[in-house]
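Participant: Quick one: this structure, given as structure tokens, is what I'll be asking you about.
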Amino acid sequence: MRRWWAAVALCVAGHALWVAARGAETETRRPHFTDIAPKSNFAYRTDNNFTGRKYFPQTMCGGVAAFDFDNDGRMDLFFTNGAKLPELEKTDARFYNCLLRNRGDGTFEDVTARAGLLGKDLGFSFGVAAGDYDNDGYEDLFICNAGRNTLYHNNGDGTFTDVTEGSGITKPKDVLSVAAAWFDYDNDGKLDLIVSNYTVWTPQIDKICAVNGQEYYCHPKVYPSVAHRLYHNLGNGRFEDVTDSSGFGQELGKGMGIAIADFNGDGYMDVFVANDTVRNFLFINQKNGTFKESGYEWGVAYDDSGNAHSSMGADAKDYDNDGWPDLFYNNLKGQIWGLYRNIGGKYMNYASGISHLSRLSVHSSGWSNGFVDYNNDGWKDLYSSNGEVDNMGQTSRQPDTMFENVDGKEFRDVSAQLGPDFNHAGFQRGSAFVDLNNDGFLDLVVTSLDEKPRILMNSADNGNHWLLVNTIGRRSNRDGIGATLKLTTVSGRTLYNHVTTSVGFMSSSDKRVHFGLGTEKAIQSLEIRWPSGIVQTLKKVKADQILTVTEPER
């Protein structure tokens, strides 16, 4: 009997050693991130003009767009910036927006001035959305501001023109717009625009909030809620404000991040808007030019306890690979970040507790975020850019977090293992996911108040395989935004994703669809359902490539 127990003990010990060794190997092979921004010569810093007086919008500054503005195959970067207050003007170069051209050698060139994107007349800028609204093959930009919002047309020669005047994209000057997203809500082949608005605000009506002489940023309840705005693309550079007729005008919120997905699988894109301190909105597309706000019915208006939180950034992706896009938003320290699992396109289950996000997120104040398969294992992980609302010194600085997806069931915090550049503590705000060197591993770009952005390159040293899909629509919008993709490996593993650039907070990510494949080297099929309704299937697709797919004309 003693020999038998000894043998069992030996087996158990051996298994423990194998597990430990395997875990150690996994840890050493986990990708890490390195900030390459110092290699480039550019002056941009996220400047919210904090001088002691606390103006309400100062907490929101530093939007990011990752897009290939010159069609050279390398993704470039655009950053929005603040303005001098109370003048609400970009009075000098410290407040200019910034366009960085990717040189392809790990460095970036500041081409803002010659591109015409300094934005001297824009005032305080917030979110940015990249998208080819006129289907000419060049990505355009929309910028949210305190004051007039701005539409920039890409001229195809490295320059942009402000075409806001006459475009039909207008709003009251005292409405503060935070974020925007391009999507084709009626599947007519032209990108429409949704803008999340926060409140009515100007420097003249800014309120001062203080306790015992100590000023702080006012609670959002001090300011009124407003409607988010929807603009229908009419073609020829013209848009129609359909906010009221579409149903968006009936709901008043304090809009932050926007997530776009076909949540119920009917072929039409729906809209989730994260609202700050009031219930979140889920606008379900009725396929007739109208939307129904269905946050209550879908279970995403509040958390599991019926509370509204300071919802910030938002993203919608299928984190458990069941074929239905799920939903995530982050919020402030002490609140529970919201993870919702899509149940068959009918409603959402609150999954923050069972996935361990409740415990993992409670000590962080999250702003931008997103589902990103950073290690290419086929499971979408969760990233959050973090920082306190109020700049109260070094003790309120926070590092970002990466929660690794474990088989679609739970998450674990691996932030400390991603390198010192990833764990930089600051007042992070905007972020974008993008493959800057086209190696198939997604990189990360993050802004932080009063700092230069971090351009974090993924080390890509774990040997996992990948596929990056660049969609080009013909009957659908040229970007292919709204197309859903289903990838099946030779072993029968199935992965899902869809085309969108609206990820996180104030930011716009790489439009190319990313799949991590883990150790899988072969792809059996790739099915693309285009917004036009066309279904295209590619067989025996080679892994480890950037695949450009053009929609068939049928």
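The values are calculated or read from the model by the stated rules, or taken from the named source; none is laboratory data. Predicted model only: the values in this text are computed from it and were never measured. FYI the Cβ positions are ideal-geometry reconstructions off the backbone, even for glycines, and counts take in every protein chain you see. Side chains are part of the model used for accessible areas, which takes the heavy atoms of the whole protein and leaves out ligands, DNA and RNA. Shrake-Rupley method; radii C 1.70, N 1.55, O 1.52, S 1.80 Å.
Participant: Could we say that Gly463 is open to solvent by 10 Å² or more (accessible area, probe 1.4 Å), touching a residue at least 40 places away in the same chain (Cβ under 8 Å) and of a type in the set (Gly, Ala, Ser) here?
Facilitator: Against the criterion (open to solvent by 10 Å² or more (accessible area, probe 1.4 Å), touching a residue at least 40 places away in the same chain (Cβ under 8 Å) and of a type in the set (Gly, Ala, Ser)), Gly463 qualifies.
Participant: Then there is this: Among the residues of segment 250-290, which ones are on the phi > 0 side of the Ramachandran plot and free of Cβ contacts under 8 Å to residues at least 24 places away in the same chain?
Facilitator: Across segment 250-290, the qualifying residue is only Lys287.
Participant: Oh, and also: I'd like to verify a number: residues in segment 251-274 that are acidic (Asp, Glu), assigned to a loop (DSSP other than H, G, I, E, B) and open to solvent by less than 10 Å² (accessible area, probe 1.4 Å), how many?
Facilitator: Number of matching residues: 0.
Participant: If I go through segment 355-391 residue by residue, how many of them are in contact with a Pro (Cβ under 9 Å, 6 or more places away or on another chain) and either in a helix (DSSP H, G or I) or among the hydrophobic types (A, V, I, L, M, F, W, C) (or both)?
Facilitator: Counting residues in segment 355-391 that are in contact with a Pro (Cβ under 9 Å, 6 or more places away or on another chain) and either in a helix (DSSP H, G or I) or among the hydrophobic types (A, V, I, L, M, F, W, C) (or both) gives 0.
Participant: If you don't mind, another one. Taking segment 193-248, which residues are open to solvent by 20 Å² or more (accessible area, probe 1.4 Å), touching a strand residue (DSSP E or B) at 6+ places or on another chain (Cβ under 6 Å) and not in a strand (DSSP E or B)?
Facilitator: Hits for segment 193-248 are Pro224, Ser225.
Participant: Just to verify a result, which residue in segment 534-554, among those that are of a type outside the set (Lys, Arg) and in a loop (DSSP other than H, G, I, E, B), is most open to solvent (accessible area, probe 1.4 Å)?
Facilitator: Among residues in segment 534-554 that are of a type outside the set (Lys, Arg) and in a loop (DSSP other than H, G, I, E, B), the one most open to solvent (accessible area, probe 1.4 Å) is Glu553.
Participant: Now, a different point. Of everything in segment 307-343, what is of a type in the set (D, E, K, R) and modelled with pLDDT of 95 or more? Give them in sequence order.
Facilitator: Asp315, Lys317, Asp318, Asp320, Asp322, Asp326, Arg341, listed by residue number.
Participant: Quick test for you: out of Thr91, Thr150, Thr161, pick the one residue that is surrounded by fewer than 18 Cβ atoms within 10 Å (Cβ to Cβ) and touching a residue at least 24 places away in the same chain (Cβ under 8 Å).
Facilitator: Result: Thr161 is the single residue among Thr91, Thr150, Thr161 that is surrounded by fewer than 18 Cβ atoms within 10 Å (Cβ to Cβ) and touching a residue at least 24 places away in the same chain (Cβ under 8 Å).
Participant: Quickly run through segment 427-460 and pick out the residues that are of a type in the set (A, V, I, L, M), surrounded by fewer than 23 Cβ atoms within 10 Å (Cβ to Cβ) and within 17 Å of the chain's Cα centre (by Cα).
Facilitator: Matches in segment 427-460: none.
Participant: Could you check how many residues of segment 164-192 are surrounded by 17 or more Cβ atoms within 10 Å (Cβ to Cβ), among the hydroxyl-bearing types (Ser, Thr, Tyr) and closer than 20 Å to Glu251 by Cα?
Facilitator: Of the residues in segment 164-192, 2 are surrounded by 17 or more Cβ atoms within 10 Å (Cβ to Cβ), among the hydroxyl-bearing types (Ser, Thr, Tyr) and closer than 20 Å to Glu251 by Cα.
Participant: Does segment 110-132 hold any residues that are open to solvent by 10 Å² or more (accessible area, probe 1.4 Å), under 24 Å from Met60 (Cβ atoms) and not hydrophobic (A, V, I, L, M, F, W, C), and which are they?
Facilitator: Scanning segment 110-132 gives Asp110, Lys120, Asp121.
Participant: Moving to a separate point now. Any idea which of (1) in contact (Cβ under 8 Å) with a residue 40 or more places away in the chain; (2) of a type in the set (A, V, I, L, M); (3) over 23 Å from Ile528 (Cα atoms) is the one Ala425 doesn't satisfy?
Facilitator: Against the list (1) in contact (Cβ under 8 Å) with a residue 40 or more places away in the chain; (2) of a type in the set (A, V, I, L, M); (3) over 23 Å from Ile528 (Cα atoms), Ala425 comes up short only on (1).
Participant: Among the numbered criteria (1) surrounded by fewer than 21 Cβ atoms within 10 Å (Cβ to Cβ); (2) under 17 Å from the mean Cα position of the chain (by Cα), which single criterion is violated by His424?
Facilitator: So His424 meets the others, but not (2).
Participant: If we keep just the residues of segment 509-533 that are in a loop (DSSP other than H, G, I, E, B) and among the polar types (S, T, N, Q), which is least open to solvent (accessible area, probe 1.4 Å)?
Facilitator: Ser509
Table: residues versus (1) within 20 Å of the chain's Cα centre (by Cα); (2) at pLDDT below 95; (3) more than 23 Å from Ile169 (Cα to Cα).
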position: Lys221; (1), (2), (3): no, yes, yes
position: Pro224; (1), (2), (3): no, no, no
position: His232; (1), (2), (3): no, no, no
position: Glu240; (1), (2), (3): no, no, no
position: Phe248; (1), (2), (3): no, no, no
position: Phe263; (1), (2), (3): yes, no, yes
position: Gln286; (1), (2), (3): no, no, yes
position: Ser305; (1), (2), (3): no, yes, yes
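Participant: Restricting to segment 487-508, count the residues that are buried (at least 17 other Cβ atoms within 10 Å of the Cβ), assigned to a strand (DSSP E or B) and touching a residue at least 60 places away in the same chain (Cβ under 8 Å).
Facilitator: The total comes to 7.
Participant: Sticking with this one: Condition test on Arg101, is it charged (D, E, K, R), within 27 Å of Ser502 (Cα to Cα) and not in a loop (DSSP other than H, G, I, E, B)?
Facilitator: yes
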